[in-house]
Amino acid sequence: MKIRKTAKLHIATAMILSGAFLFAGCGTNASKDAAPDAVEEETSNNENLVTENDIKEENQNKDIISGNDAADNQKTSTENINIYNDVLAQYSDMIENDFYANLRDSDTYESSFGEDIGLEIRTHKQDIYYTFYDVDGNGTMELIIAGGENAVSNPTFSPWNYDLYGYDGTNVVHIFPEMEFGYRTNFSIYDNGVIEVFYSNSAAESGVDFYKIGTDGFTPELIDSFTAVGHLEGDKPVFTYSQNGNEITEEEYNASIRGYELALTALDWIQIQ
């Protein structure tokens with residue numbers, strides 16, 4: 001009987017141990033199953049952190065590049081204006097010396113003016129103004145010189161243009177070197193990059209030419225030309241209108257010219273002291 005009890009005890013013990021091992025085995029497998037989830041979560045967090053850092057770094061780089069571009073643009077804008085310092089100095093010297101009025105009867109009168117100053121602006125003392133405007137949109141400002149007796153604060157201020165300067169890459173040049181702007185010949189600039197030159201040879205003959213600055217940035221190119229020539233038939237003046245040498249009606253003449261005259265945003269005129 002003792003032998004049987006011992007056998008039963010061994011059997012019971014074996015069964016208990018088997019159950020314990022089985023339970024332990026199940027516990028081990030459960031831990032192994034849980035571990036990949038934790039690793040995956042940690043990996044995902046690390047990836048998110050890397051992505052956030054990459055985005056921050058990319059934004060910082062963009063800010064740096066944007067800042068550099070702004071600085072470069074400001075530098076370029078200043079350089080584009082500074083190229084005209086010598087011309088503006090010539091006008092400033094003329095004004096400071098009262099248009100050299102005290103030398104008018106001397107042999108040195110004409111040579112007293114700067115070489116870049118036109119003839120008609122010298123004829124009488126007046127306020128002189130300047131402004132910058134990129135007429136052809138190539139990134140280089142043109143310099144406009146104007147005169148007028150009215151103060152800039154006048155809301156209807158519209159000075160009389162006397163000269164237009166550009167830059168050929170080496171020197172400042174007159175955009176229209178063969179023209180003297182003033183009373184009978186003058187120019188206007190419009191928003192479409194068009195320069196209108198209007199002239200009057202007499203009460204019976206006038207004309208309007210339209211130009212754009214060429215790809216070299218300083219040579220004017222004629223794009224359209226209009227003339228109006230009058231004569232008397234009895235006591236009545238009669239005008240003949242033409243476009244590029246071809247006769248047109250007065251209505252066509254006026255409408256064609258208006259088509260080019262797109263108003264320019266008000267320019268910021270500065271008086272030369």
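The values are calculated or read from the model by the stated rules, or taken from the named source; none is laboratory data. What you are looking at is a predicted structure, and each value in this text was computed from that prediction instead of being measured. Every residue, glycine among them, receives a Cβ derived from its backbone with ideal geometry; neighbour counts consider all protein chains shown. Heavy atoms of the whole protein, side chains included, go into the accessibility calculation; ligands, DNA and RNA do not. Shrake-Rupley method; radii C 1.70, N 1.55, O 1.52, S 1.80 Å.
Exposure check, 1.4 Å probe, all protein chains in place: Val173 carries approximately 30 Å² of accessible surface.
Its Cα gyration tensor gives the stretch 124-270 an equivalent ellipsoid. The semi-axes, each the square root of 5 times an eigenvalue, are 29, 20, 14 Å from largest down. In this simple spin-label approximation, Leu264 and Asn192 carry label points 7 Å from Cα along the Cα→Cβ vector, and these lie 1.5 nm apart.
Rg and Dmax of the stretch 155-241, based on Cα coordinates, read 15.9, 57 Å. With q set to 0.26 Å⁻¹, the log10 of I(q)/I(0) for the stretch 106-187, from the Debye formula over equal scatterers at the Cα positions, is -1.36. Between rounded, prolate and oblate, where does the stretch 211-273 land on the alpha carbon gyration tensor, with a ≥ b ≥ c its root eigenvalues, rounded for a/c under 1.5, else prolate if a/b exceeds b/c? Here the stretch 211-273 falls in the prolate category.
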